[in-house]
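Throughout, read-outs are computed from the coordinates displayed, never taken from laboratory work. Quick caveat: nothing in here was measured; it's all calculated off a predicted structure. Cβ placement follows ideal geometry from the backbone for every residue including glycine, while neighbour counts extend to all protein chains displayed.
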Amino acid sequence: MGYEVTTDDGSCEVVADADTYQLEGPLTTFFRTEAGRPVVDSWSVRVASFQTADIVRIRRLGERELRAA
């Protein structure tokens, strides 16, 4: 699973292997979680962060869409 992040400058980045995301102060951070643990906790791994104010859209991608990206 992953996400496609579009920012206000028109760029688009794919964050692969991210299961979820959450706000962390001024950042939106994407995390990979352990299998069977759908929450962000101390076992989660940070995959990428973006300035929240710069994000225009976050779109969840399935496995098929990630392979095509």
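Structure notes:
- Average Cα contact separation per residue, region 2-68, under 8 Å, 6 or more apart, as relative contact order %: 37
- About its Cα centre, the dipole of the chain is roughly 220 debye, where the only charges are +1 on Lys and Arg Cβ and -1 on Asp and Glu Cβ.
- Enclosed volume per residue, in Å³, of the convex hull spanned by Cα atoms of region 2-68: 78
- Computed label-point distance, nm, for sites residue 12 and residue 56 using a 7 Å Cα→Cβ extension: 1.0
- Distance between the 7 Å Cα→Cβ label points at residue 1 and residue 39: 1.6 nm.
- Per-residue [θ]222 nm for the chain (sum of -39500 (n - 2.57) over DSSP H runs n ≥ 4, rounded to 500): -2000 deg cm²/dmol
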